[in-house]
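Student: If you scroll down you'll find the structure; I have some questions about it.
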Amino acid sequence: MLVSLALWLQAHYPEQLGFLRVFQYITFRAVMSAMTALLLGLAFGPSVIRRLAALKIGQPVREYGMQSHLVKTGTPTMGGVLILLSIAISTLLWFDWSNRFVWVVMLVTFGFGAIGWVDDWRKVVDKNPEGMASREKFFWQSLIGLVAALYLAFSVSETSNMRVMDLFFRWVMSGFSNELPPKADLIVPFFKTVSYPLGVFGFIFMTYFVIVGASNAVNLTDGLDGLAIMPVVLVGAALGLFAYVTGHAVYAKYLFLPHIPGAGELLIFCTAMAGAGLAFLWFNAYPAQVFMGDVGALALGGALGTVAVIVRQEIVLGIMGGIFVVEALSVMVQVIYFKYTKKRYGQGKRIFLMAPLHHHYEKKGWEETQVVVRFWIITMLLCFVGLSTLKLR
């Protein structure tokens, strides 16, 4: 919004307001987006927390969970609303409204946020720690993920929505031919020219898997004070750098990355997410005054997955978000092994003391803050590894 206003003022008053040219620079707007989201989160955080407490929107704790967490019962949840509002206001202020990629990420983010809102609300109103039924939640996640995947399959290689629609209709008229331009290939990091063509259906499946998988992985990680939000900030900021490079023709060519026109504008969204996340961490650090809830975790995970797909860095997302991946895998492995041993031996056995993985280390005697900070450190290292793929090829 401010970009359009600055351009209009500069056009009408070029001599007096020539300094408004600075609004054309993505780097300037990215910094301002981060600062805006950070200040909004810090300013409105206390009032949001008081409002949630007044509405008695407190976090229920599962009886079969960590006993040490029972003291957290009643802590205001759904604090992800603060994150999403800060992201929305900051992004809308500082990004170019004509950019379709930012709108796609925003729609996915708030679509998943709406699912999380319903889930959290049921937990609070019905006093049911399980919230929305898994099948219902998965259905809505799948619907949003598939719609986004179908659009992105034809948009990463085109420059306008009209071209996207034209490519889509040509695909339908051709009998669903399974070909896409090289820009839509799956890029293998650490190699200059190694990529694998996915085809339309392969791209849609992969995009769906990345978006829905990232959303649920972040949600599973959000189990300790500050555990999920800092990795989201770190990974989101790193993806913002990839977006800037991918959207810049010269940098993309130099670094052997596909040039995706318009992808650079995603840096505005990513910095807004980083700023809003840091503001939320101020209140979510141990001992947490508020939890983000599913409304925040599902939305932020979906956002990371969508950005990674647009900038063609799905594998790098798996590297930088290694904590999210391991947390999700620990739950899957635990459940599968328990069911298998129960069916074969009549009694279920466990690989981990408790899943997700952060609870396993708590059971081993680690303090909550030890688990959180060590997982942060691991994420920082993984982000450095991911960023190194920009040059190490």
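Student: Residues in region 116-175 that are within 30 Å of G247 (Cβ to Cβ) and buried (at least 16 other Cβ atoms within 10 Å of the Cβ): how many?
Tutor: 20
Student: Which of the residues that make up region 217-227 are surrounded by fewer than 24 Cβ atoms within 10 Å (Cβ to Cβ) and assigned to a helix (DSSP H, G or I)?
Tutor: Selection gives L220 alone.
Student: Looking at G199, is it touching a His at 6+ places or on another chain (Cβ under 7 Å) and at pLDDT below 90?
Tutor: When the stated conditions are applied, G199 does not pass them.
Student: Whether any residue in region 228-235 is touching a helix residue (DSSP H, G or I) at 6+ places or on another chain (Cβ under 9 Å) and either of a type in the set (D, E, K, R) or not in a helix (DSSP H, G or I) (or both) is what I want to check.
Tutor: Yes.
Student: Here is a list: G322, G302, G386, G296. Which entry is in contact (Cβ under 8 Å) with a residue 60 or more places away in the chain, touching a Phe, Trp or Tyr at 6+ places or on another chain (Cβ under 7 Å) and small (G, A, S)?
Tutor: G302
Student: Looking for something closer than 27 Å to F168 by Cβ, at pLDDT 95 or above and surrounded by fewer than 24 Cβ atoms within 10 Å (Cβ to Cβ) - is there at least one such residue anywhere in region 270-290?
Tutor: No - not one qualifying residue is present in region 270-290.
Here's the yes/no breakdown for (1) of a type in the set (A, V, I, L, M); (2) in contact with a Ser or Thr (Cβ under 6 Å, 6 or more places away or on another chain); (3) closer than 26 Å to L143 by Cβ:
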residue	(1), (2), (3)
K192	no, no, no
Y208	no, no, yes
Y244	no, no, no
V250	yes, no, no
K253	no, no, no
I260	yes, yes, yes
G264	no, no, no
I268	yes, yes, no
M273	yes, no, yes
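Student: Residues being part of a helix (DSSP H, G or I) and free of Cβ contacts under 8 Å to residues at least 12 places away in the same chain: count how many of those fall in region 139-168.
Tutor: Going through region 139-168 one residue at a time, the tally reaches 7.
Student: Let me ask something additional. Looking at region 326-343, I want the residues that are within 14 Å of G213 (Cβ to Cβ) and in contact (Cβ under 8 Å) with a residue 60 or more places away in the chain and have a partner that is part of a helix (DSSP H, G or I) and not acidic (D, E) with Cβ atoms under 6 Å, at least 6 apart or on another chain. Which pairs are those?
Tutor: E327/L220; E327/T221; E327/L357; A328/A217; A328/L220; V331/L220
Student: Also, I was wondering about something else. Given the conditions (1) farther than 30 Å from V105 by Cα; (2) surrounded by 14 or more Cβ atoms within 10 Å (Cβ to Cβ), report the number of the one that L382 does not fulfil.
Tutor: Condition (1) is where L382 drops out.
Student: Yes or no: region 72-87 includes at least one residue that is charged (D, E, K, R), surrounded by 13 or more Cβ atoms within 10 Å (Cβ to Cβ), at pLDDT below 95 and under 20 Å from the mean Cα position of the chain (by Cα).
Tutor: Within region 72-87 (the criterion being charged (D, E, K, R), surrounded by 13 or more Cβ atoms within 10 Å (Cβ to Cβ), at pLDDT below 95 and under 20 Å from the mean Cα position of the chain (by Cα)), the answer is no, since none of the residues qualifies.
The values are calculated or read from the model by the stated rules, or taken from the named source; none is laboratory data. Not measured: the values here are computed from a predicted model. Virtual Cβ from ideal backbone geometry, glycine too; neighbours counted across all protein chains shown.
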